[in-house]
């Protein structure tokens, strides 16, 4: 990720974005960053829900909300790994 930022700084944004491989690398790095943010959100959300109702700690994954941040993070992580 740092190497990509150095290359962007050295070559300039317009030159950097003309190379499609750099665009893919930038998208992958953004996806990994988004995964980290979503997992942090999921942690605090789940911690709060368990504090309110301890039985929510044992809900099977099949019954989780479709838009649960943990599930979305796992999907984005899988997508980012395809770009590798």
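In segment 8-23, is there at least one residue being in contact with a helix residue (DSSP H, G or I) (Cβ under 9 Å, 6 or more places away or on another chain), closer than 15 Å to residue 69 by Cβ, at pLDDT below 95 and in a helix (DSSP H, G or I)?
no
Can you name the residue in segment 60-84 that is loosely packed, with under 10 Cβ neighbours inside 10 Å, in a loop (DSSP other than H, G, I, E, B) and without any contact (Cβ under 8 Å) to a residue 24 or more places away in the chain and is also nearest to the chain's Cα centre (by Cα) among such residues?
67
So for segment 33-54 (the condition being on the phi > 0 side of the Ramachandran plot and over 16 Å from the mean Cα position of the chain (by Cα)), does at least one residue qualify? Outline the logic, then answer.
Initially, segment 33-54 is screened for residues on the phi > 0 side of the Ramachandran plot, giving none.
No, segment 33-54 has no match at all.
In the set 27, 55, which member is within 27 Å of residue 6 (Cα to Cα) and modelled with pLDDT under 95? Full working, then the answer.
Working: 55 fails: within 27 Å of residue 6 (Cα to Cα).
Unique residue meeting the criteria: 27.
Within segment 49-59, is there a residue that is surrounded by fewer than 15 Cβ atoms within 10 Å (Cβ to Cβ) and touching a residue at least 12 places away in the same chain (Cβ under 8 Å)?
Scanning segment 49-59, I find no residue that is surrounded by fewer than 15 Cβ atoms within 10 Å (Cβ to Cβ) and touching a residue at least 12 places away in the same chain (Cβ under 8 Å), so the answer is no.
Show the residue pairs that are 6+ apart or on different chains and have beta-carbon atoms under 6 Å apart, the first residue being within segment 22-45 and farther than 16 Å from residue 79 by Cα, the second being assigned to a helix (DSSP H, G or I).
22/16; 41/69; 42/69; 42/70
The values are calculated or read from the model by the stated rules, or taken from the named source; none is laboratory data. Note that the structure is predicted; figures quoted are calculated from it, not measured. Heads up, the Cβs are rebuilt from the backbone with ideal geometry, glycines too, and the neighbour counts pull from every protein chain shown.
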